[in-house]
1. Do we find that residue A:64 is surrounded by fewer than 11 Cβ atoms within 10 Å (Cβ to Cβ) and either of a type outside the set (Asp, Glu) or in a helix (DSSP H, G or I) (or both) in this structure?
2. Tell me which residues, restricted to region A:16-61, are more than 10 Å from DNA strand C (Cβ to nearest atom), over 14 Å from the mean Cα position of the chain (by Cα) and not in a helix (DSSP H, G or I).
3. In the set A:94, A:99, A:109, which member is more than 30 Å from residue B:92 (Cβ to Cβ), within 11 Å of another protein chain (Cβ to nearest Cβ), away from DNA strand C (no atom under 11 Å from the Cβ) and assigned to a helix (DSSP H, G or I)?
4. What's the total number of residues in region B:41-76 that are over 25 Å from residue A:107 (Cα atoms) and either of a type in the set (D, E, K, R) or away from DNA strand D (no atom under 11 Å from the Cβ) (or both)?
5. Looking at region A:48-69, I want the residues that are in contact (Cβ under 8 Å) with a residue 40 or more places away in the chain and have a partner that is within 11 Å of DNA strand C (Cβ to nearest atom) and hydroxyl-bearing (Ser, Thr, Tyr) with Cβ atoms under 6 Å, at least 6 apart or on another chain. Which pairs are those?
6. Quick check on this structure: which one of A:86, A:82 is within 16 Å of DNA strand C (Cβ to nearest atom) and assigned to a loop (DSSP other than H, G, I, E, B)?
7. For the list (1) at the interface with chain B (Cβ under 8 Å from one of its Cβ atoms); (2) surrounded by 13 or more Cβ atoms within 10 Å (Cβ to Cβ), I need the number of the one condition that residue A:85 fails.
2 protein chains.
Amino acid sequence: MSRRNACSAEEAASREVCTVLDVLNRVSGKWSLGILSETTRGPVRFAELERSLNGISRRILTLTLRQLEENGLLTRTVYPTVPPKVEYTATDQARELYAQLTGLTAWAARHSAPAPHADAP
Amino acid sequence: MSRRNACSAEEAASREVCTVLDVLNRVSGKWSLGILSETTRGPVRFAELERSLNGISRRILTLTLRQLEENGLLTRTVYPTVPPKVEYTATDQARELYAQLTGLTAWAARHSAPAPHADAP
DNA sequence: CAGGATCCGCCACGATACTG
DNA sequence: CAGTATCGTGGCGGATCCTG
């Protein structure tokens, strides 16, 4: 995740580009969006995520969760029990961001769509 | 660009995630947004882009332009003159997409912003 | 001017094994 | 259960040289 930015002292005109890039970099992980999708529905445990996101490795899951947490998109709740229990939940910011991003499906539908006029596939 | 997707036969629930991921992958290049920013203002030549996007290499510029063109976000116009002249312009889809993406600055402002009311941390 | 070709470094991601 | 540790890999991005 966290693709390089090259946003050092840009020409002000592209200040907006830089901001958007920063935002996207926070969810640029291969699984970040999937994790947000799951956690916006309510608290989810580590193992649950591991199953929902079919194919993700423990390491990447951990790293991505940490990154999302650092960016204030996830809250991590640890229950000091045995066996341990940890729950992840999307923050309000994350919900807003996720909503904004899913708004892109509208764009995708308007374009790469298979003729949106009369006949449905 | 074009980060892997892992969107093969997902559980329908995350169909939306997949779509958004596809969209983001089309502008996931380090310079893609910058290029869109420039080309949405009007036709731009190769060398102009090379200067605007300070630090980009010719190779990456070419590759990114090609990718954006393949995704229908840019139109490439070649003027068969000597010396050659090529102009790139953002398509209408690209303008829509770019507008959607810059909408993320609003989110960024709402959050990671330094308290827009009275006391700043 | 607008690229194509080639070589290379770095980083995200993956697979596996081990632990509190 | 929820991680950490270690090793290996692909591919994006960069630098440089060459060309129609």
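1. The answer is no for residue A:64.
2. Listed by number, the residues that qualify are A:42, A:43, A:44, A:45, A:54.
3. A:94
4. Residues in region B:41-76 being over 25 Å from residue A:107 (Cα atoms) and either of a type in the set (D, E, K, R) or away from DNA strand D (no atom under 11 Å from the Cβ) (or both): 9 in total.
5. Hits for this filter: A:64/A:32.
6. A:82
7. Going through (1) at the interface with chain B (Cβ under 8 Å from one of its Cβ atoms); (2) surrounded by 13 or more Cβ atoms within 10 Å (Cβ to Cβ) one by one, residue A:85 breaks only (1).
No value in this document is a laboratory result; all are computed from the given coordinates. Since we're looking at a predicted model, the values are computed, not measured. Positions of Cβ are generated from backbone atoms using ideal geometry, with glycine treated the same way; all protein chains shown enter the neighbour counts.
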